[in-house]
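As structure tokens, the structure follows; a few thoughts come after it.
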């Protein structure tokens, strides 16, 4: 019997992960822990910037029509999913960070992209731009919701749980405590060390993706779920 794979990320991303997982023959349960929604924002003048930082595909999905005015700016994307979303929206992606926004900024050449616009989520990690100027404009929010019925039912048996963000990890831990569900019969597959740290200990097993992308995460899931 294969283990079910519980996908908790927001719905748009969850559907993409689910498609990839099913292509690998995995049995999935999708029940997002967050609803992503656009928020009102004022678009600054594109000519004031020489680079556009996107750390999530949610920025592309929820920015609305005003996003088009920034197509003249080269995009600095975190992760392949964000880069694909930006490319599909007509942007030219010049840099793709493999681990985090901070890593991407740190790896930029010193004389490139001195005035960066970051279209971010309402709740975002702080980034240090160094000597660059960076303007942060929140354009969407991820609203935490209670663990859904499908997820609760899935967690009544041994399962593999995908976690894509530290915030999701903290919220899941809180929900498990609220529902008195112990994690010790479940396997955690974490997007990064930061996510694993936020999820804490007590899991039946915990594995961290070699790279922060679905391909690496689902490679772990395939080995775990199909041998479960």
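Just one of the listed residues (176, 162, 189) is in a helix (DSSP H, G or I), in contact with a helix residue (DSSP H, G or I) (Cβ under 7 Å, 6 or more places away or on another chain) and at pLDDT 95 or above, namely 176. Among the listed residues 171, 124, which satisfies the condition of being within 15 Å of the chain's Cα centre (by Cα), closer than 18 Å to residue 61 by Cβ and not in a strand (DSSP E or B)? Of the residues listed, the single one that is within 15 Å of the chain's Cα centre (by Cα), closer than 18 Å to residue 61 by Cβ and not in a strand (DSSP E or B) is 124. The residues of region 60-83 that are part of a loop (DSSP other than H, G, I, E, B) and either in contact with a helix residue (DSSP H, G or I) (Cβ under 9 Å, 6 or more places away or on another chain) or not assigned by TED's automatic domain parsing to the domain that holds residue 108 (or both), listed by number, are 63, 71, 72, 73, 79.
Look at residue 85 and say whether it is over 15 Å from the mean Cα position of the chain (by Cα), more than 14 Å from residue 120 (Cβ to Cβ) and modelled with pLDDT under 95. No, not satisfied. In region 31-56, the residues that are on the phi > 0 side of the Ramachandran plot never reach a residue that is modelled with pLDDT of 95 or more with C-beta atoms less than 9 angstrom apart, at least six apart or across chains. How many residues are in contact with a strand residue (DSSP E or B) (Cβ under 6 Å, 6 or more places away or on another chain) and part of a helix (DSSP H, G or I) if we restrict to region 7-18? Final tally of qualifying residues: 3. Scanning region 203-212 for residues that are surrounded by fewer than 17 Cβ atoms within 10 Å (Cβ to Cβ) and at pLDDT below 95 gives 210, 211. Scanning region 173-195 for residues that are within 19 Å of residue 158 (Cα to Cα) and touching a strand residue (DSSP E or B) at 6+ places or on another chain (Cβ under 6 Å) turns up 186, 187, 188, 189, 190. Just one of the listed residues (220, 189) is surrounded by fewer than 22 Cβ atoms within 10 Å (Cβ to Cβ), under 29 Å from residue 24 (Cα atoms) and in contact (Cβ under 8 Å) with a residue 12 or more places away in the chain, namely 220. If the condition is being surrounded by 21 or more Cβ atoms within 10 Å (Cβ to Cβ) and assigned to a helix (DSSP H, G or I), then region 84-103 contributes 85, 86, 101.
The values are calculated or read from the model by the stated rules, or taken from the named source; none is laboratory data. Given the structure is predicted, the values throughout are model-derived calculations rather than measurements. Don't worry about glycine lacking a Cβ; one is built from the backbone with ideal geometry, like all the others, and counts go over all protein chains shown.
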